[in-house]
Amino acid sequence: MFNLIEIKKKNLCIMGLMGSGKSIIGKDLSKYSNLKFYDTDKEIELKTKKSINEIFEKSGELYFRKIEEEICLKLLTKNDCIISLGGGSIINNKIRKAVNQNSYSIYLQVKLNNLVNRLKLSKKRPLLNKTNNNKKMLENLYNERRKFYEKADFIVNNDNDKNQVLEEIKFKLNSYAKKTLHKE
């Protein structure tokens with residue numbers, strides 16, 4: 001089993017577009033690794049006592065991004081945990097720096113058509129709630145964020161079987177830990 005100390009990182013961070021499976025994969029990885037799991041969107045809801053939709057509707061995206069920055073930066077200083085970042089948090093320069101400095105980052109890559117299918121019934125995605133064309137919105141978000149996502153330490157495709165993805169991540173983390181140990 002991987003050890004964050006061995007890979008010289010404080011935590012493991014999962015990123016990707018909405019619907020890419022960050023929370024599901026993060027929870028399962030936390031069970032496997034016996035590390036605490038944090039979902040930044042859930043932490044924002046706990047702090048504000050409002051849903052993400054309510055925050056967007058009543059206070060706007062700028063306010064949400066301000067709270068998101070505060071929560072993410074605080075979580076990214078924690079040790080021995082797995083953090084699922086909100087899809088858009090990576091556009092924030094301070095958050096990106098904290099991820100690069102403190103975290104082993106994993107980007108869950110999913111084909112656009114699969115994201116559209118996964119999200120077609122979701123009412124919890126404020127950026128999708130304001131459009132009639134989810135595919136175009138997701139494509140725009142992907143094009144805006146891709147350059148940041150692709151700088152992750154590990155990129156894994158999450159279009160199909162969750163268990164296969166988990167095994168790929170575990171294998172990569174264990175290999176990375178062994179490689180890091182042999183460098184010393």
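Identify, by number, the condition in (1) modelled with pLDDT of 95 or more; (2) under 27 Å from S59 (Cβ atoms); (3) open to solvent by 80 Å² or more (accessible area, probe 1.4 Å) that K151 doesn't meet.
(2)
Name every residue in the stretch 34-48 that is hydrophobic (A, V, I, L, M, F, W, C) and either touching a residue at least 60 places away in the same chain (Cβ under 8 Å) or assigned to a helix (DSSP H, G or I) (or both), in order of residue number.
I44, L46 - these are the residues of the stretch 34-48 that are hydrophobic (A, V, I, L, M, F, W, C) and either touching a residue at least 60 places away in the same chain (Cβ under 8 Å) or assigned to a helix (DSSP H, G or I) (or both).
Looking at the stretch 1-33, which of its residues are in a loop (DSSP other than H, G, I, E, B), over 17 Å from A152 (Cα atoms) and in contact (Cβ under 8 Å) with a residue 24 or more places away in the chain?
Within the stretch 1-33, M1, F2, N3, E6, G19 meet the criteria.
Any idea which of I52, I95 is β-branched (V, I, T), open to solvent by less than 10 Å² (accessible area, probe 1.4 Å) and within 23 Å of E144 (Cα to Cα)?
I95
The values are calculated or read from the model by the stated rules, or taken from the named source; none is laboratory data. On a predicted model such as this, the values are computed, not experimentally measured, just so you know. Cβ sites come from the backbone with ideal geometry, for glycine too, and all protein chains shown count toward neighbours. When the accessible area is computed, the model is the full protein with side chains, heavy atoms only, and any ligands, DNA or RNA have been set aside. Shrake-Rupley method; radii C 1.70, N 1.55, O 1.52, S 1.80 Å.
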